[in-house]
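> Below: one structure in structure tokens.
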Amino acid sequence: MANLNTLKLSKVDPIHIFVTGGGGAGKSHLIKATYHTVTKTFRHAPMNPELPSVLLMAPTGVVAININGTTVNTALAIPRECGNNVPAMSDQRRTQMRLSLAEFKLIIIDEISMVSNMGLPHIHQRLKEIFVTPNSELFAGISVLVFGDFFQLPPIRSATTFSNYKNDTFNLYHPWHVFKMAEHRS
């Protein structure tokens, strides 16, 4: 049997998947199963088991509670109303977040239909700031799975996740375009 310390870690390209399906299709169950599988898989790697390998997030507290997660705003210290750009964190807060999120490999966002079109760029901006990555490395190279049904609740007073921006330059690099769709059926 191979010793885990002797295995070479290889860089894996991040995945960006949108899982959709109607109400009752089992998306919440799939989120929980994915979370437990990924957490168990990375627990055996040479890492600190006290740090999270998956961030479970949702646009509202009620949805976050349903998946035992937290809101996007709380998880990544993104203010509710911040326009096109997320305000920078203090050096101390950034260092604290970098250390606490040092082992995470996957973001799961439930109810993506309730996330505004600025939600994904805000997540990208915050991750880029925390992990000091170039703007071209979407979501700081971290895999993102989003779940939801666009026939359900839209964002409040905002455009949907996939909607174009008022600034055409932003539309050239719209983060929604990297997501591949997978339909989950019960």
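> Just to confirm a number: summing +1 for Lys and Arg and -1 for Asp and Glu over residues other than ARG94 whose beta-carbon lies under 13 angstrom from that of ARG94, what do you get?
+2
> So if a site counts as exposed when it's one of the trypsin sites (Lys or Arg not before Pro), its DSSP state isn't H, G, I, E or B, and it has at most 13 other Cβ atoms within 10 Å, what's the longest stretch of the chain without one?
81-156
> Same structure, new question: List the GluC sites (Glu not before Pro) within segment 100-147 that DSSP assigns to loop and that have no more than 14 neighbouring Cβ atoms inside 10 Å.
GLU137
> Which of the residue pairs LYS32/LYS105; LYS32/LYS128; LYS128/LYS180 have a Cα-Cα distance greater than 24 Å in the structure shown?
LYS32/LYS128
> Identify which of the listed values of Cα Rg over 2.2 N^0.38 Å was calculated from the structure shown: (i) 0.98; (ii) 1.31; (iii) 1.04.
Read-out taken from this structure: (iii).
> Continuing with this model, one more query. Can you pull the percent of the chain's accessible area that's carbon plus sulfur, 1.4 Å probe, other chains left in place?
About 57 percent, which is the carbon plus sulfur part of the accessible surface.
> Please report the antiparallel percentage of DSSP beta bridges with both residues in the chain, rounded to the nearest 5.
5
> Oh, and also: Residues of segment 14-111: accessible area per residue at 1.4 Å, in Å²?
That works out to 53 Å² for each residue.
The values are calculated or read from the model by the stated rules, or taken from the named source; none is laboratory data. Since we're looking at a predicted model, the values are computed, not measured. In this analysis, Cβ positions are derived from the backbone assuming ideal geometry, glycine residues included, and neighbour counts consider all displayed protein chains. Quick note on the areas: whole protein, heavy atoms, side chains included, nothing else; ligands and nucleic acids left out. Shrake-Rupley method; radii C 1.70, N 1.55, O 1.52, S 1.80 Å.
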